[in-house]
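Colleague: Can you read through this structure? Questions will come right after.
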Amino acid sequence: MSNEDINRNRLLEPGTWYNVEITKIYDELSKKGDSTNTMVDMKVLDGPYTGAMLFRTFNEKAPGFVIPFLKAFSIDVVADEEYDLAALDGKQLRVFVKHREYQGTLYNDVADFRPIE
């Protein structure tokens, strides 16, 4: 098992803000096949969890969830405007991590975004 494998499944301290870098943004068909998910992969930049990977998914059917993400990059959100999230690949920001449980397993939930100060 590689360090990358370990860092992809590392459970972070919840209730904390982390500096991250976006390592990959890509689109993927939803499980139902009726919409598109935009997947955002991020890597923790500092502290005891340096190198840990975080993930966030945005779905085209719920566009309002992407607003805090865009605002973290000082992007003005305007009605009926389309945004190229892939252009944010490689950028840095702060994310707030909580824990969420799914089928008895805890995982990191990226719950909020803000600019790095």
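The values are calculated or read from the model by the stated rules, or taken from the named source; none is laboratory data. Since we're looking at a predicted model, the values are computed, not measured. Neighbour counts are summed over all protein chains in view; Cβ atoms, including those assigned to glycine, are modelled from backbone coordinates with ideal geometry. For accessibility, only protein heavy atoms count, side chains too; no ligands or nucleic acids. Shrake-Rupley method; radii C 1.70, N 1.55, O 1.52, S 1.80 Å.
Colleague: Taking the Cα of Asp46, stepping 7 Å toward and past its beta carbon, and measuring to each backbone N in the range 54-97: which are under 20 Å?
Modeller: 54, 72-74, 90-97
Colleague: Now for a separate question. Please express the Cα-Cα pair-distance distribution P(r) of the chain as a list of whole percents, one per 5 Å bin, running from 0 to the bin with the greatest distance.
Modeller: 2, 11, 20, 24, 21, 14, 6, 2, 0, 0
Colleague: Okay, moving on. Post the alpha-carbon centroid distance, the range 95-112 to the range 1-65, in whole angstrom.
Modeller: Taking the Cα centre of the range 1-65 as reference, the centre of the range 95-112 is 11 Å away.
Colleague: Project the alpha carbons of the range 1-54 onto their principal axes and report the range along each, largest first, in whole Å.
Modeller: Principal axes ranked by extent give 40, 28, 19 Å for the Cα atoms.
Colleague: In whole percent, how big is the carbon plus sulfur part of the accessible area of the chain, probe 1.4 Å, protein atoms only? Mind dumping the intermediate values first?
Modeller: On the way: 3580 of 7570 Å².
Looking at the chain in its full context, I get 47 percent from C and S.
Colleague: Residues in the range 49-73, backbone N under 20 Å from the label point at Asp109 (7 Å along the Cα-to-beta-carbon vector): list them, ranges by number please.
Modeller: Answer for this model: 53-70.
Colleague: Sticking with this structure for a sec: Students often forget the sequence filter, so: which lysines lie under 20 Å Cα-Cα from Lys32 once same-chain residues fewer than 8 apart are removed?
Modeller: Straight-line reach from Lys32, under 20 Å: Lys61.
Colleague: Moving to a separate point now. Heavy-atom accessible area per residue, the chain, 1.4 Å probe: how many Å²?
Modeller: Result: 65 Å² of accessible area for each residue.
Colleague: If you don't mind, there's one more thing I want to ask. Can you work out the PRE-style zone for Ile75? Point 7 Å along Cα to Cβ, and I want the residues of the range 2-30 with backbone N under 18 Å.
Modeller: Output list for this probe position: 20-28.
Colleague: In addition: Using only DSSP helix segments of four residues or longer, with each worth -39500 (n - 2.57), what per-residue ellipticity at 222 nm results for the chain after dividing by its residue count and rounding to 500?
Modeller: Helix contribution divided over all residues of the chain: -2000 deg cm²/dmol.
Colleague: Modelling each spin label as a point 7 Å along the Cα-to-Cβ direction, I'd like the Asn3/Thr57 distance in nm, to one decimal.
Modeller: 2.9 nm
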